[in-house]
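Participant: Here it is: the structure, laid out below.
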Amino acid sequence: MSHRTDSDKRSSLLNPTRRQMLGMSLAGAAGLMLPWTRSSMSFAATPGNPFGQVIIGFSQEPTVFNPHMPHIEVDEGIYWNLYDPLFGIAPDGSYVPALAVEVPTVANGGISEDGLQWKVKLRDGVTWHDGKPFTADDVKFTLGLIMDPKFRSGRRAGHDLVRDITVVSPTEIQWRMEKPYAPYASILSSTFIVPQHAFAGISDPNTAPFNNAPIGTGPFKWANRVPGDHIQLDANRTYYGQAPHLERVVFKYIPDLTVMYTQFKTGDIDVTAMQGIMPDHYEEAKGLAGRTVVNLPVATIEAVAFNLERPQFKDPAVRKALYLALDKQTIIDELYYGLPSPTETYMPQQSAYYNPNLPKQTFNLEEARRILDEAGWKPGAGGIREKEGVRLSFTNSTTAGNQVREQTQQFMQQTWQEIGVEMQISNLPPAVMWGDYWMQSKFDSVVVGINYLTGADPDTTDYFGSHSINAQGGAGQNNFQYKSTEVDTLLTQGATVQDVEKRKPIYLKVQEVIRNDLPILPLFQYTYVRGYKEGLKGFTGNVNLRIEPWNVNTWMWA
């Protein structure tokens, strides 16, 4: 890899081997000591001459454009094109400089031996989309915004350990960590830098004009949005890195997955991204003329998630019985055509921290009934079980128009009815479903797919830490409202350990505790089926990110 430019490096990432994609190397994310030389990552600017456009189909509508407010995966499809982090993460788990000149490591002096002192050198000559210069002040502002108590931050874990941020010069910034925190490099790899000047004079950052007219340093810039239909981004012709080959990219919102597939067949869209091609269309899609269909392993885990503040779910016996009465293998085989892999954990199977020794779920209605009987849940009116005035009845929600999930819900509804449980289906449009209804824990239960990791790091404080509950004043993604003193202790311990082999037993134990507590009923790890028109070059997945359109600036029409 020596003597290659950053453009060469990014180009080589366009065609990773299947083995590379499945390998999910975690050494850099876990250890903060990944060696990286300046000669291998020079990232020469390429002005480019973009032409043409790509229309990307999304089943959910991006609605949150400030990357530091609570958001879901689909929004990140916009972020990766509008903004830049200090450094990103490649499909093989290695870090790639972006706004930083180089990835800070112990070897290059960017991080002290004890992991407490950080120094980051920034690129000179980078401009925001409105032409104003990017400087270290923007980095300091971004980290401060995330921790501003008046700001509705989507994540504070990790950033809350940063102290004494000092702007040394327009191209250098440094800070210290309150304590060593192994996941912080991975967190920074998806921390998009926002412009200080866009918030000047704004008393409430939650209502800043920027939030609906974003300004970034990324390869594409905001053009327009038609709510409920599409978002258009135009090429940033002065991008400091690999300038876009495309003149524009359009993210088309198509909530009905059958309609999305039809538009893919007819050529109305060029790429099927989130949620992509449903398994029941897979065999036909592979034979479509002029189309390429690929299977992408991703870290997303499909699960039934509970709101543990609901009285029905406070009893662990209920969660255990529901899991026993969940015929996950039939769901995988019949509804997903055997494409995904069943799992017992939130950790992707490609991760070095995956626990393969968790108890395997079995489908056993009799055992489920026995557990509920022993726990005091007795059949009441209509055969629905009751205990201390609480009926074992609840709603289950997901994205309206996702036919396979809706079929999964109907299947669960029927089998759970057989053990005296009433599940009512209550689905919502994506923007409503994954807005405050999800983020503020207003649901009873949901069917949801989540990538629980930040990059390749195993820390899941954001999802399972008791201080990461938005509905209780925290900042994070613990919408299950799950609280475990043991898990909190383990996550705190794991975040201070740098060595992969020493961290591994900690995260194996976290998975064991969560498998026992069952705040989620894990179904499977996704294999996404994606399609794009022949002639489009550069489309590839990144198992370390939550969404595919992360490198659209490298896409081109042949």
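The values are calculated or read from the model by the stated rules, or taken from the named source; none is laboratory data. Note that the structure is a prediction, hence the values are computed from the model and not measured. Glycine also receives a Cβ, built like all others from the backbone with ideal geometry; neighbour counts cover every protein chain displayed.
Participant: Every residue in region 386-411 that is under 26 Å from ILE254 (Cβ atoms) and in contact (Cβ under 8 Å) with a residue 60 or more places away in the chain, please.
Facilitator: ASN396, THR399, ALA400, GLY401, ASN402, GLN403, VAL404, GLN407, THR408, PHE411
Participant: How many of the residues making up region 531-558 are surrounded by fewer than 24 Cβ atoms within 10 Å (Cβ to Cβ), of a type in the set (Val, Ile, Thr) and outside any loop (DSSP other than H, G, I, E, B)?
Facilitator: The qualifying residues number 1.
Participant: Assess whether TYR353 counts as being touching a helix residue (DSSP H, G or I) at 6+ places or on another chain (Cβ under 7 Å), among the hydroxyl-bearing types (Ser, Thr, Tyr) and surrounded by fewer than 20 Cβ atoms within 10 Å (Cβ to Cβ).
Facilitator: Against the criterion (touching a helix residue (DSSP H, G or I) at 6+ places or on another chain (Cβ under 7 Å), among the hydroxyl-bearing types (Ser, Thr, Tyr) and surrounded by fewer than 20 Cβ atoms within 10 Å (Cβ to Cβ)), TYR353 does not qualify.
Participant: Can I ask one more? Report those strands (runs of 3 or more DSSP E) wholly inside region 75-183 carrying at least 1 residues which are crowded, with 21+ Cβ neighbours inside 10 Å and modelled with pLDDT of 95 or more.
Facilitator: 87-89, 95-97, 117-121, 172-177
Participant: Return the residues of region 123-142 that are among the hydrophobic types (A, V, I, L, M, F, W, C) and touching a helix residue (DSSP H, G or I) at 6+ places or on another chain (Cβ under 6 Å); say none if nothing qualifies.
Facilitator: Of everything in region 123-142, just one residue is among the hydrophobic types (A, V, I, L, M, F, W, C) and touching a helix residue (DSSP H, G or I) at 6+ places or on another chain (Cβ under 6 Å), namely PHE141.
Participant: Turning to a different aspect of this structure: Under 9 Å between Cβ atoms, which residue pairs at least 6 apart in sequence (or on different chains) link something in region 543-558 that is without any contact (Cβ under 8 Å) to a residue 24 or more places away in the chain with a partner that is in a loop (DSSP other than H, G, I, E, B) and charged (D, E, K, R)?
Facilitator: Qualifying pairs under 9 Å: ALA558/GLU534.
Participant: Within region 266-279, work out how many residues are surrounded by 17 or more Cβ atoms within 10 Å (Cβ to Cβ) and either part of a loop (DSSP other than H, G, I, E, B) or among the charged types (D, E, K, R) (or both).
Facilitator: 8
Participant: Can you name the condition, by its number, that SER466 falls short on among (1) buried (at least 20 other Cβ atoms within 10 Å of the Cβ); (2) among the hydroxyl-bearing types (Ser, Thr, Tyr); (3) closer than 30 Å to TYR184 by Cα?
Facilitator: (1)
Participant: Ok, one more. Are any residues in region 497-530 crowded, with 18+ Cβ neighbours inside 10 Å, among the aliphatic types (A, V, I, L, M) and assigned to a helix (DSSP H, G or I), and if so, which ones?
Facilitator: ILE506, LEU508, VAL510, ILE514
Condition check ((1) among the small types (Gly, Ala, Ser); (2) under 30 Å from ASN295 (Cα atoms); (3) surrounded by fewer than 18 Cβ atoms within 10 Å (Cβ to Cβ)) across all residues:
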| residue | (1), (2), (3) |
| --- | --- |
| VAL318 | no, no, no |
| ALA321 | yes, no, no |
| GLN329 | no, yes, yes |
| TYR337 | no, yes, yes |
| MET347 | no, yes, no |
| GLY383 | yes, no, yes |
| THR398 | no, yes, no |
| ILE419 | no, no, no |
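Participant: Can you give me the number of residues within region 468-512 that are basic (Lys, Arg) and within 23 Å of VAL447 (Cβ to Cβ)?
Facilitator: Of the residues in that region, 1 qualify.
Participant: May I pose another question? Restricting attention to region 232-256, report how many residues are assigned to a loop (DSSP other than H, G, I, E, B) and within 25 Å of PHE87 (Cβ to Cβ).
Facilitator: Matching residues across region 232-256 total 10.
Participant: Suppose we filter LEU335, LEU339, LEU324, LEU372 for residues that are within 13 Å of LEU521 (Cα to Cα), touching a residue at least 24 places away in the same chain (Cβ under 8 Å) and touching a helix residue (DSSP H, G or I) at 6+ places or on another chain (Cβ under 6 Å); which single one remains?
Facilitator: None of the other options fit; the residue is LEU324.
Participant: Next up: Check region 442-462 and report whether any residue there is assigned to a helix (DSSP H, G or I), surrounded by fewer than 20 Cβ atoms within 10 Å (Cβ to Cβ) and out of contact with any strand residue (DSSP E or B) (no Cβ under 6 Å at 6 or more places or on another chain).
Facilitator: Looking through region 442-462, none of the residues is assigned to a helix (DSSP H, G or I), surrounded by fewer than 20 Cβ atoms within 10 Å (Cβ to Cβ) and out of contact with any strand residue (DSSP E or B) (no Cβ under 6 Å at 6 or more places or on another chain).
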